[in-house]
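Q: I'd like to ask some things about the structure below.
The values are calculated or read from the model by the stated rules, or taken from the named source; none is laboratory data. For clarity, every value in this text was computed on a predicted model and none was experimentally measured. So basically every Cβ, Gly included, is an ideal-geometry build from the backbone, and we count neighbours across all protein chains shown. Calculation scope for accessible area: heavy atoms of the full protein, side chains included, ligands and nucleic acids excluded. Shrake-Rupley method; radii C 1.70, N 1.55, O 1.52, S 1.80 Å.
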Amino acid sequence: MIPQSGQTFVKRIFLYNRLHTLSAVFTLCSLFFAVKGDAQTPLAQGDIAFVAYNSDGSVDDFAFMLLKDITTGTTITFTDHLWQYSTGGFYENTSFGACNTETFMTWTASSALTVGTVVVISNPGATGSTNPSQATASTGTLFVPGSCPDFSFPTSGDVLFAYQGTKPANNSANNWIACINMDGGWLTTTSTSTSASAQPTNLSNDHIILLTPEADNAVYKGTLTGNATQLKTAIYNLANWDTDDATPFTLPQDIGSSAMPVSWGPFSATSTATGVELRWSTHTEANTSHFETEFSADGKSFTTDSRVAAAGNSTTEIHYKALIPHQKLAVPSTHYFFRIKQVDTDGQFDYSTTKKMAIATQEKRLLSVAKRSSGNEVLLQLSRPGLLITVFDIQGRKLVEKRALSSSYTVNTNAVAGSILVLHISDGQGRKEVHKVSVK
């Protein structure tokens with residue numbers, strides 16, 4: 001039998017061991033949850049979006065917005081390497097060093113960040129032998145492997161990818177997050193370009209900012225508030241972007257910094273029997289004056305066609321439409337570009353997205369053939385009957401005016417051989433053509 005004093009001693013030893021065990025378990029649990037809490041947040045396509053890009057100026061930079069809350073230690077890798085057409089995988093040119101002028105840059109969150117956070121990364125584009133790279137981030141840290149340079153974006157265009165984890169190796173890769181394409185399009189053939197790229201098979205168009213035509217600098221100017229879905233919708237609406245081919249934007253100040261007079265809805269261009277019908281809508285309007293429809297044969301020089309009055313101020317969706325007649329598209333072109341210019345009451349203006357479309361059948365020329373048939377007669381091959389034919393001599397004297405009764409029509413001019421005739425052809429709807437014919 002253990003004396004009472006001994007029993008007390010045993011109880012104390014037992015209690016000490018039990019408390020020590022519980023303390024160890026508590027410590028392990030604390031470590032477990034601490035490690036779990038610091039684990040990086042898995043990111044999928046659409047969990048970030050690019051909101052700015054500059055290739056002009058002494059420092060290249062870009063910015064992205066988080067569309068998902070992330071924890072400390074979350075990583076994202078950015079690269080401007082070319083994604084190879086057909087085979088997939090990044091083309092890594094080592095002819096001029098480890099990375100040439102392109103690189104893989106990994107950003108790590110140094111604190112927990114929430115939806116809507118904008119991160120700006122400035123890239124001096126210089127090569128350094130030590131890490132971290134010479135690039136800087138507005139929050140978080142950056143790492144570039146080896147002696148690779150920071151990004152150097154050419155003004156001829158570039159493509160920037162974002163992914164998480166292992167470097168994508170082929171077209172089965174599915175760890176993409178987002179992309180911004182400032183090159184104006186995708187490669188459709190094998191290339192070793194340092195500014196272009198093919199589109200990875202598993203990278204959805206829904207998570208790509210594709211600005212056409214190519215632009216040196218671009219910035220998102222829409223709302224910076226809202227939930228992830230609302231922000232994503234606004235960012236991927238290219239009507240909410242500004243571009244500039246000479247002057248870089250100031251980041252982050254220019255991101256979403258100007259109040260948009262119009263929140264654009266869908267915009268479409270459809271070819272009809274009489275012309276190209278443009279339809280657009282606005283979700284909201286503030287002090288809007290009017291809209292102007294514009295078209296271009298090359299996507300650079302635009303012509304104004306019509307003016308449509310705007311609502312002025314509205315918080316409900318409003319639909320607009322206008323028709324550009326076929327005869328206005330006088331420049332021979334297989335494609336035309338269309339856009340809407342919105343003009344504010346104070347003269348400020350903004351543009352919709354630009355729509356490019358093929359014009360499968362353009363209006364035929366009113367006159368296709370004009371030749372002397374016999375004597376003083378001139379045979380005309382017209383696009384259709386009913387056209388008004390007016391004939392002048394070279395001094396401007398009117399010789400005859402007739403309305404053609406058929407597509408193949410003959411007019412008697414009473415002109416002498418060797419003279420020059422000037423033919424005016426009109427369809428009565430504003431379209432006119434002028435042709436010169438030599439009488440032999």
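Q: Could you pull out every residue, at least 5 positions away or on a different chain, whose amide H is within less than 5 Å of the one on residue 171? Hs are placed 1.01 Å off N in the peptide plane, and Pro or chain starts have none.
A: The answer is 89.
Q: Can you pull the accessible area of residue 68 for me, 1.4 Å probe, Å² to the nearest 10?
A: 70
Q: Quick check: with the 1.4 Å probe, what order do 292, 102 take by accessible area, largest first? Don't jump to the answer; show the numbers that get you there.
A: On the way: 292 35, 102 10 Å².
The residues order as 292, 102, largest area first.
Q: Hey, another quick one. Probe 1.4 Å, all protein chains in place: accessible area of residue 254 in Å², nearest 10?
A: Here the residue's solvent-accessible area equals roughly 40 Å².
Q: May I ask you to rank 207, 335 by accessible area, largest first, using a 1.4 Å probe over the protein chains only? Before the final figure, lay out each step's value.
A: Numbers: 207 30, 335 75 Å².
Descending order: 335, 207.
Q: Which order do you get for 408, 122 if you rank them by accessible area with a 1.4 Å probe, largest at the top?
A: Details: 408 60, 122 30 Å².
Greatest to least solvent exposure: 408, 122.
Q: For the stretch 144-209, what is the convex hull (Cα atoms) projected area averaged across all directions, in square nanometres?
A: Working: hull surface 20.6 nm².
It is 5.2 nm².
Q: Moving to a separate point now. Could you tell me the distance between the Cα centroids of the stretch 42-76 and the stretch 261-333, to the nearest Å?
A: Centre-to-centre distance over Cα atoms comes out at 33 Å.
Q: Evaluate 2.2 N^0.38 Å with N set to the residue count of the stretch 272-341, then give the Cα radius of gyration divided by it. Write out the running numbers ahead of the final one.
A: Numbers: Rg = 13.4 Å, N = 70, 2.2 N^0.38 = 11.1 Å.
This ratio for the stretch 272-341 stands at 1.21.
Q: Under 9 Å from the Cβ of residue 246, count the other residues' Cβ atoms, weight Lys and Arg +1, Asp and Glu -1, and hand me the total. Let's see the in-between values first.
A: Numbers: positive: none; negative: 56, 216, 244, 245.
Value of the local net charge: -4.
Q: Filter the cross-link list 356/402; 221/321; 232/328; 328/398; 328/436 down to pairs whose alpha-carbon distance in this structure exceeds 32 Å. List each step's numbers first, then the result.
A: Values: 356/402 40 Å; 221/321 25 Å; 232/328 38 Å; 328/398 27 Å; 328/436 22 Å.
Result: 356/402; 232/328 exceed 32 Å.
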